[in-house]
Amino acid sequence: MMAELFLDFKFCENWKLSNTTRKILSLQGITNVLEKISGEIDRKKEYDSLPADIRNLLEKCLTSNLKDRLLPEEIIEHDAFRENLEYYLYSNPPKNKENLLNLPLDQIYYLWMLAGGDVHAELKKERLIRNEPPILLIPSVVQLDGKALGAKKSQSYLYDDRIAILSLLNLKERLKKIPPIRYFPLIHTPSCPYNYKDGMEKLPLVIRERDTEYQFHRILLFDRMLKGYPSTREMIVKEAQTDIPPFLRGKIWACILDVIPNGSYSGIDKVTQLKLTDKSKLMFQGVTNTMNGHRKLKRLLKAWVTAHPQYVYWQGLDSLTAPFLYLNFNDEEMAFLSLYKFVPKYLQWFFLKDNSAVIKEYLSKFAQLTAYHEPVLSTHLVGINFIPELFAIPWFLTMFSHVFPLHKILHLWDKLMLGDNSYPLFIGISILKQLKPTLLSSGFNECILLFSDLPDIVMENCVLESQEMYETTPKSLSHREHILREEKPGEWDISDVTLEQIQTELCPRISANDFAELLRYSPEKLCSVDLRGALEFSRLYIEGSINIPFTSVSLSEKNLDALGIPDLNQILEGRIVVVYSNLHENCILVFSKFLVECGVPRVCVLHNGFDILHTIVPNILLSK
């Protein structure tokens with residue numbers, strides 16, 4: 001085709017197939033086929049006038065020898081096409097030798113801000129942001145829906161096509177000592193460790209979150225893991241136990257909650273009016289306190305209530321939704337699915353129209369665990385009749401998001417996400433521990449005033465204390481009936497405990513499973529108090545247990561010395577004290593309450609009493 005165009009002649013036009021075949025066979029063995037043909041058709045002059053590169057290309061393409069004929073890739077690289085190909089053919093731009101500039105733009109911008117960058121200051125330098133007297137911006141009319149009329153439009157809202165260049169010099173200076181290999185963490189290669197903490201994990205969280213180099217390592221590490229989700233979920237959870245970089249907090253929370261976007265949010269009705277319960281209303285705060293934030297929050301709440309027809313909107317659900325909206329402001333589906341997974345994990349059945357039984361059980365368990373960890377404080381609060389119903393319902397219904405500002409909630413929820421449904425109970429106890437000196441010196445009215453305007457809580461201490469209590473408390477002590485269960489409780493687990501029983505018991509119950517595990521693997525942490533008679537105790541007993549026959553002691557005096565056991569304070573100190581008798585008898589409740597009133601911490605009672613221990617295999621009972 002190219003030869004016909006350049007020589008302005010159509011070969012073999014109107015030829016029969018036999019003639020064409022004979023002509024092709026006659027050209028076999030001829031070195032320059034194009035020159036031969038051009039002479040035969042009287043186009044020698046046009047042939048001689050062809051550019052050298054075009055003539056060479058046509059001659060090599062039309063040669064009869066297959067070995068000398070050009071292949072497609074050789075044709076593309078021929079000199080005849082080089083100039084045009086270089087101009088028109090797309091090629092990937094060369095990668096920048098600076099690894100920093102190969103990172104995503106949003107990561108570079110976040111690190112730039114950590115390194116001291118201030119985009120507002122830069123825009124002010126270029127006069128792209130101009131301050132105007134506030135009095136000139138006051139509207140004439142403000143409608144009930146928040147729309148303002150009559151205000152002069154600020155000049156700063158007008159389009160300006162000027163460009164402000166943000167310098168990366170400070171950021172490059174901060175990161176210049178980082179070797180190139182750290183830009184590409186290999187999370188599945190044991191020979192190339194990806195954990196570059198350099199002892200930073202021991203520093204306060206606030207310092208770590210503001211350290212540019214540390215956040216650089218954490219962001220790149222989590223970013224690599226997130227790209228492998230859900231197969232890398234266990235790795236993400238393990239690393240999140242150290243800390244979570246604020247830049248990726250929303251995505252990491254979603255991974256911990258097992259969120260997988262599936263497009264379901266777009267199909268949910270978000271137009272229907274919310275059915276509010278009595279005295280409930282929407283509360284806007286933080287990032288949601290804008291027109292766009294109001295709209296997004298309402299859409300999320302409507303979608304959640306629509307997706308859960310068994311629930312109703314309770315005041316506090318908006319506060320619960322706000323952190324997810326803040327972290328996923330431009331991804332409503334991710335915010336919705338995170339909330340969708342969060343509620344059943346920590347607040348199962350809390351949003352029923354009649355949730356009184358759920359709330360009562362939760363608060364009763366909170367009171368029991370308070371007595372377990374803080375017996376002196378618990379005794380004082382019980383003495384002045386300051387019960388959890390008076391202060392703790394907003395804590396747990398909103399997972400503390402209605403009590404603390406958003407920046408504190410984010411740090412608190414970083415740890416909350418890694419725990420189970422009992423973790424919020426320990427957060428509540430850690431708050432009481434920080435307020436303990438004030439509470440112990442206060443009466444009922446003073447406590448009411450204190451919790452109506454809660455003092456500033458040191459969140460880092462709260463997180464550390466709650467984490468320690470969560471890890472050291474046997475799981476069965478926080479047992480509740482109203483939770484999302486994946487398995488039915490076994491014979492040696494806690495089950496069939498009524499709300500009335502929980503409300504009348506000051507100390508939590510421990511399961512036979514947890515008791516046997518402590519006895520086998522951590523006997524130094526356990527102190528068993530056997531209230532059976534001396535004869536029964538001599539027949540069968542637990543190794544290291546203390547026998548205090550209930551019928552032989554007087555509990556009128558709140559002092560451990562009244563029990564007649566030498567050095568009992570030292571024996572009980574630092575141990576989990578398990579009280580039991582034959583069955584779950586009234587004497588157990590009375591004696592455990594006596595220990596709490598004496599200020600003994602970590603007191604619990606054995607579920608189903610001593611008799612349940614006969615069924616445990618292998619046997620843990622001894623006989624004399």
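In this structure, is Glu13 at pLDDT below 75 and either among the polar types (S, T, N, Q) or closer than 19 Å to Phe81 by Cα (or both)? Criteria not met by Glu13.
Note on the stretch 45-69: residues that are surrounded by fewer than 15 Cβ atoms within 10 Å (Cβ to Cβ) and among the aliphatic types (A, V, I, L, M) total 2.
Among the residues making up the stretch 484-503, those that are in contact with a Ser or Thr (Cβ under 9 Å, 6 or more places away or on another chain) and closer than 14 Å to Leu363 by Cα are Leu499, Ile502, Gln503.
Residues of the stretch 219-243 being part of a loop (DSSP other than H, G, I, E, B) and free of Cβ contacts under 8 Å to residues at least 60 places away in the same chain, which ones?
At the first step, the residues of the stretch 219-243 found to be part of a loop (DSSP other than H, G, I, E, B) are 227-232, 241-243.
Correct list: Lys227, Gly228, Tyr229, Pro230, Ser231, Thr232, Thr242.
Of all residues in the stretch 351-372, those satisfying the criterion of being farther than 22 Å from Pro474 by Cα and polar (S, T, N, Q) are Asn355, Ser356. The residue of the stretch 349-395 that is farthest from the chain's Cα centre (by Cα), among those that are farther than 16 Å from Ser466 by Cα and of a type in the set (Phe, Trp, Tyr), is Phe386.
Which of the residues belonging to the stretch 330-376 are under 24 Å from Leu300 (Cβ atoms) and β-branched (Val, Ile, Thr)?
Scanning the stretch 330-376 gives Val343, Val358, Ile359.
Counting only helices (runs of 4 or more DSSP H) that fall entirely inside the stretch 374-417 and contain at least 1 residues that are modelled with pLDDT under 95 and more than 17 Å from Gly250 (Cα to Cα), the qualifying elements are 393-397.
Listed here are the residues, each with its yes/no results for (1) closer than 24 Å to Leu518 by Cα; (2) modelled with pLDDT of 90 or more; (3) touching a Ser or Thr at 6+ places or on another chain (Cβ under 9 Å).
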residue: Arg539; (1), (2), (3): yes, yes, yes
residue: Asn547; (1), (2), (3): yes, yes, yes
residue: Ser552; (1), (2), (3): no, no, no
residue: Ser556; (1), (2), (3): no, no, no
residue: Ala562; (1), (2), (3): no, no, yes
residue: Leu568; (1), (2), (3): yes, yes, no
residue: Ile571; (1), (2), (3): yes, yes, no
residue: Val577; (1), (2), (3): yes, yes, yes
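Any residue in the stretch 550-568 that is touching a strand residue (DSSP E or B) at 6+ places or on another chain (Cβ under 8 Å) and closer than 24 Å to Lys365 by Cα? Within the stretch 550-568 (the criterion being touching a strand residue (DSSP E or B) at 6+ places or on another chain (Cβ under 8 Å) and closer than 24 Å to Lys365 by Cα), the answer is no, since none of the residues qualifies.
Residues that are under 41 Å from the mean Cα position of the chain (by Cα) and among the hydroxyl-bearing types (Ser, Thr, Tyr) occur at least once in the stretch 576-590.
Among the residues of the stretch 464-522, just one is in a loop (DSSP other than H, G, I, E, B), among the hydroxyl-bearing types (Ser, Thr, Tyr) and within 24 Å of the chain's Cα centre (by Cα), namely Thr473. Looking across the stretch 531-543, just one residue is assigned to a loop (DSSP other than H, G, I, E, B) and loosely packed, with under 13 Cβ neighbours inside 10 Å, and that is Glu543.
For the stretch 116-145, a tally of residues being in a loop (DSSP other than H, G, I, E, B), without any contact (Cβ under 8 Å) to a residue 24 or more places away in the chain and surrounded by 10 or more Cβ atoms within 10 Å (Cβ to Cβ) returns 4.
The values are calculated or read from the model by the stated rules, or taken from the named source; none is laboratory data. Quick caveat: nothing in here was measured; it's all calculated off a predicted structure. Quick reminder, even Gly has a Cβ in these numbers, built from the backbone with ideal geometry, and neighbours come from all protein chains shown.
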